[in-house]
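The structure under discussion appears below in the form of structure tokens.
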Amino acid sequence: MQNSGTNVCYCRAKGGVTNGYVAYSSGGYIVDIGWCADVPALGSDVVSTGASVTNELASIHFDDDGYVIVVASSMTDLCIHPKWSGSADTDYAAYVAPSEITIPTTDIEGNNLPTATYGMPRVQGFSDRLNLESGTYI
């Protein structure tokens, strides 16, 4: 993929997703789509075999985990996500930063919890749980 005056956008993607991944741009800014095994860098091998590309909608399927790469002339309305059955291909939502929670260090009665000194304990497959709705530490 070589395109001057464009943006190379990428996101981590799970391989083997039944319908692959789709990129959508209501403004028609998509130039190309591909897949790369590692974080893309200048000179990376990018595979675009089986890709379908229009300026508004592009899709690609791949078997291994890696990165979906979309070349776009503008990133203002670009959305990249797993492709469902085709019904949500053109759905768009602006990026929202992940929310953060503060893990309590005391229970509702003021008693200290293990989180106050060493976080959420876990041994092999067993771990403590925190139910924020009921305010309980299990």
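Among all positions in segment 46-60, there is at least one residue which is in the same structural domain as Val71 (by TED's automatic domain parsing) and more than 25 Å from Ser85 (Cβ to Cβ). Looking at segment 38-57, can you tell me whether even one residue there is more than 30 Å from Leu130 (Cα to Cα), outside any loop (DSSP other than H, G, I, E, B) and among the charged types (D, E, K, R)? No, segment 38-57 contains no residue that is more than 30 Å from Leu130 (Cα to Cα), outside any loop (DSSP other than H, G, I, E, B) and among the charged types (D, E, K, R). Taking the criterion of being surrounded by fewer than 19 Cβ atoms within 10 Å (Cβ to Cβ) and more than 13 Å from the chain's Cα centre (by Cα), the residues of segment 65-77 that qualify are Ser73, Ser74, Met75, Thr76, Asp77. When Thr76 is tested against (1) at pLDDT 80 or above; (2) β-branched (Val, Ile, Thr); (3) farther than 17 Å from Asn7 by Cβ; (4) out of contact with any strand residue (DSSP E or B) (no Cβ under 6 Å at 6 or more places or on another chain), exactly one condition is not met: (3). If you go through segment 4-32 and keep only what is surrounded by fewer than 14 Cβ atoms within 10 Å (Cβ to Cβ) and of a type in the set (S, T, N, Q), you end up with Ser4, Thr18, Asn19, Ser26.
Go through Gly20, Gly43, Gly16, Gly28 for me and flag whichever is free of Cβ contacts under 8 Å to residues at least 24 places away in the same chain and on the phi > 0 side of the Ramachandran plot. After applying the criteria, what remains is Gly43. Just for segment 15-37: of the residues that are of a type outside the set (Gly, Ala, Ser), under 18 Å from Gly86 (Cα atoms) and not in a strand (DSSP E or B), which one is nearest to the chain's Cα centre (by Cα)? Result: Val17. Pairs only if they're at least six apart or on different chains, beta carbon under 8 angstrom, first in segment 94-111 and part of a loop (DSSP other than H, G, I, E, B), second aliphatic (A, V, I, L, M); list them, first residue then second. If the second residue must be aliphatic (A, V, I, L, M), the pairs left are Ile101/Leu132; Ile103/Met120; Ile103/Leu130; Pro104/Leu113; Pro104/Leu130; Thr105/Leu113; Thr105/Ala116; Asp107/Leu113.
Criterion applied to Asp77, Asp91 was being among the charged types (D, E, K, R) and either over 29 Å from Ala13 (Cα atoms) or not assigned by TED's automatic domain parsing to the domain that holds Val22 (or both), and the one residue passing it is Asp91. Suppose we keep only residues that are surrounded by 16 or more Cβ atoms within 10 Å (Cβ to Cβ) and among the aliphatic types (A, V, I, L, M) within segment 33-64. Which one would you say is nearest to Tyr21 (Cα to Cα)? My answer is Ile60.
The residues of segment 112-138 that are outside any loop (DSSP other than H, G, I, E, B) and of a type in the set (Val, Ile, Thr), listed by number, are Thr115, Thr117, Val123, Thr136.
The values are calculated or read from the model by the stated rules, or taken from the named source; none is laboratory data. Computed from a prediction, not measured in an experiment: that's the story for all the values here. Every residue, glycine as well, gets a Cβ built from its backbone with ideal geometry; the counts of neighbours run over all protein chains shown.
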